[in-house]
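In what follows, a structure is listed as structure tokens, so that the remarks can point back to it.
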Amino acid sequence: MPSTSLPITPAPSGSAVLLRALVIDDEAPTLAELTYLLGRDERIGTLHAVSSGTEALRTLEEHRVDVVFCDIAMPGLDGLDLARVLAMFAERPQVVFVTAYDEHAVDAFELQATDYVMKPVRAARLGEAIRRVVANRADEPRAGDGREQDDETIPVELGGVTRFIQRSRIQYASAHGDYARMHTIDGSHLVRVSLNALEERWGNKGFVRIHRSTLVSLPHVTAVSTDAGRAAVRIGDVELQVSRRHTRELRERLLRSHQR
């Protein structure tokens, strides 16, 4: 299917700036369905539709877009490879994966995808993905305002079904080899990502290392205690030991957070 540019009826007065979108799928029926569903959404302003990653890159040479809705399993340049290319753009568009396969959810997380929509696509679920894109755009840092990007979503598997939890709900994470167990007030989830990778990615989002096997979210820390020179933090009913190596960094991070 050739690339198409579809002007969409403007959203009602007072709404947010309309999104410029690109949708990619190598299966013509799915591409037509996604184009139809996205075209009906009043938050989409301009929509380009292509059938391959290569066509997508050609389109992006000529048109700026805010979000890419992308299949994963495509011949040639697949969706994950395309997302890696987009990550190098000076003005990187958000990526929403639309796929029939849930085993790529962790890869999507590592590539900082905004959402991961499973086929067959429901209009309501696609609408939720657009809402997340709009929320991210609203919270993008502007020069001088110091705001952080909108809350991140993390894919987790529950009973064979991939679901998403918000980063802000994670109280702490503990290391389990190449995996990390993310603890929330509702339970815990084992995710195939290392604690080192989480620390590097979330260090500026309020997470701090207190032990070689523990990363905590400072907003969830309710108390810090010291006994015989050893520190511990309390998160709800859980007490976590702080290693001597990480005590100074924790103290400095806590001080900085209270000075803001």
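The values are calculated or read from the model by the stated rules, or taken from the named source; none is laboratory data. Everything numeric here is computed off the predicted structure, so don't read it as measured data. Please note: Cβ atoms are built from the backbone with ideal geometry, for glycine as well, and neighbour counts cover all protein chains shown. Keep in mind that these areas ignore ligands, DNA and RNA; they rest on the heavy atoms of the full protein, side chains included. Shrake-Rupley method; radii C 1.70, N 1.55, O 1.52, S 1.80 Å.
Of all residues in the stretch 220-237, which are surrounded by 13 or more Cβ atoms within 10 Å (Cβ to Cβ) and without any contact (Cβ under 8 Å) to a residue 24 or more places away in the chain?
231, 232, 233, 234
Restricted to the stretch 152-171, and to residues that are open to solvent by 30 Å² or more (accessible area, probe 1.4 Å) and over 20 Å from residue 100 (Cα atoms), which residue is modelled with the lowest pLDDT?
152
Within the set of pairs 6 or more residues apart or between chains, which connect a residue that is assigned to a helix (DSSP H, G or I) inside the stretch 185-198 to a residue that is open to solvent by less than 100 Å² (accessible area, probe 1.4 Å) with Cβ atoms less than 6 Å apart?
From residues that are assigned to a helix (DSSP H, G or I), the pairs are 195/175; 195/180; 195/215; 198/173; 198/180; 198/215.
May I ask you to list the residues in the stretch 105-140 that are of a type in the set (A, V, I, L, M) and over 14 Å from residue 155 (Cβ atoms)? Talk me through it step by step, then tell me what you get.
Filtering the stretch 105-140 down to residues of a type in the set (A, V, I, L, M) leaves 105-106, 108, 111, 113, 117-118, 121, 123-124, 126, 129-130, 133-135, 138.
Scanning the stretch 105-140 gives 121, 123, 124, 126, 130, 133, 134, 135, 138.
Cβ-Cβ below 8 Å, separation at least six or inter-chain, first residue in the stretch 147-171 and more than 17 Å from residue 107 (Cβ to Cβ) and of a type in the set (A, V, I, L, M), second modelled with pLDDT under 85 and not in a loop (DSSP other than H, G, I, E, B): which pairs?
Filtered contacts from the stretch 147-171: 161/102; 165/153; 165/154; 165/156; 170/154.
May I ask you to list the residues in the stretch 191-212 that are more than 17 Å from the chain's Cα centre (by Cα) and surrounded by fewer than 16 Cβ atoms within 10 Å (Cβ to Cβ)?
Those that are more than 17 Å from the chain's Cα centre (by Cα) and surrounded by fewer than 16 Cβ atoms within 10 Å (Cβ to Cβ): 196, 212.
Among what's in the stretch 27-39 and is open to solvent by 60 Å² or more (accessible area, probe 1.4 Å) and touching a residue at least 12 places away in the same chain (Cβ under 8 Å), pick the residue that is nearest to residue 123 (Cα to Cα). First the steps, then the outcome.
First pass over the stretch 27-39, keeping only residues open to solvent by 60 Å² or more (accessible area, probe 1.4 Å): 27, 29, 33, 36.
Pick out the ones that are also touching a residue at least 12 places away in the same chain (Cβ under 8 Å) and you get 27, 33.
Working: 27: 18, 33: 10 Å.
Only one residue fits best here, namely 33.
I need a count of the residues in the stretch 59-84 that are more than 17 Å from the chain's Cα centre (by Cα), of a type outside the set (Asp, Glu) and farther than 16 Å from residue 21 by Cα.
The qualifying residues number 5.
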